[in-house]
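Let me begin by presenting the structure, written as structure tokens, before commenting on it.
The values are calculated or read from the model by the stated rules, or taken from the named source; none is laboratory data. Here the structure is a predicted model, which means the values were calculated and not measured. Quick reminder, even Gly has a Cβ in these numbers, built from the backbone with ideal geometry, and neighbours come from all protein chains shown.
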């Protein structure tokens, strides 16, 4: 899978704010809502993403949006400002809650500013139909009651087919639906992976699974990540129903030795923490 190295602002993308400062002010305001909201959080995160998309377009150089590293750095700066505004703490609970939504908000923002079939609009209350900006505001330019900023997606622009069969007996056919629906939180990563990370499709209606069958898996032990993956899958295998009932003596001895080695390693690490704490 090859990641796209650049995000280019679409020619038809319409910014909600004409200056970076206005966009940043809106981002901080929407971050405050995200930090405080306990109900339908998706509404607030959508607004945050829409504001971020305008900010990305404003700071783009020759139409190219800054890297994720740079975007995250600016997002962090604004999250700290939000923390100061709400609880007089740059890295407290508010900051933590806002930072936890960076992934989804930034992905939706990039999809809005550069992706296919993803647009910002409004919906009325809990309805799913998209309302255009011209219809969502009154003659004074004020947002009408119960109008909610929302990120919408037309699925066929990312997944050209739909499955009219079942998961076990798929029947892909062309998806000719042209309507836009609110993007679900669970779908954000899929749209992002296909449009920006070149994820391969299976049947044209879903992302091809890259999971390796259990019987074909191989494991390495050269890095910490290798060890984590091996340990995780080993734990899963041991937890499977019936494992303990069929365990042979040789396996039991190996696992007992492994248990001791792991216990010694963890105890040693904990002792190191204590030693460093004493020094500090």
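What to note about this one:
- Residue check, residue 81 crowded, with 20+ Cβ neighbours inside 10 Å and in contact with a helix residue (DSSP H, G or I) (Cβ under 7 Å, 6 or more places away or on another chain): no
- Filter pass, residue 116 being assigned by TED's automatic domain parsing to the domain that holds residue 156, exposed (fewer than 15 other Cβ atoms within 10 Å of the Cβ) and in contact with a helix residue (DSSP H, G or I) (Cβ under 6 Å, 6 or more places away or on another chain): yes
- Among the residues of region 7-41, those identified as modelled with pLDDT under 90, over 18 Å from residue 108 (Cβ atoms) and in a loop (DSSP other than H, G, I, E, B) are 38, 39.
- Filter result (modelled with pLDDT of 95 or more and farther than 13 Å from residue 47 by Cβ) within region 146-156: 152, 153, 154, 155, 156
- All positions within region 84-109 that are crowded, with 23+ Cβ neighbours inside 10 Å and either within 18 Å of residue 186 (Cα to Cα) or not assigned by TED's automatic domain parsing to the domain that holds residue 67 (or both): 105, 108, 109
- Residue check, residue 48 at pLDDT 95 or above, in the same structural domain as residue 154 (by TED's automatic domain parsing), closer than 28 Å to residue 207 by Cα and out of contact with any strand residue (DSSP E or B) (no Cβ under 9 Å at 6 or more places or on another chain): yes
- Output for region 147-178, where each listed residue is touching a residue at least 24 places away in the same chain (Cβ under 8 Å) and part of a strand (DSSP E or B): 147, 148, 149, 150, 151, 152, 153, 161, 162, 163, 172
- Scanning region 157-213 for residues that are over 23 Å from the mean Cα position of the chain (by Cα) and within 27 Å of residue 47 (Cα to Cα) gives 177, 178, 179.
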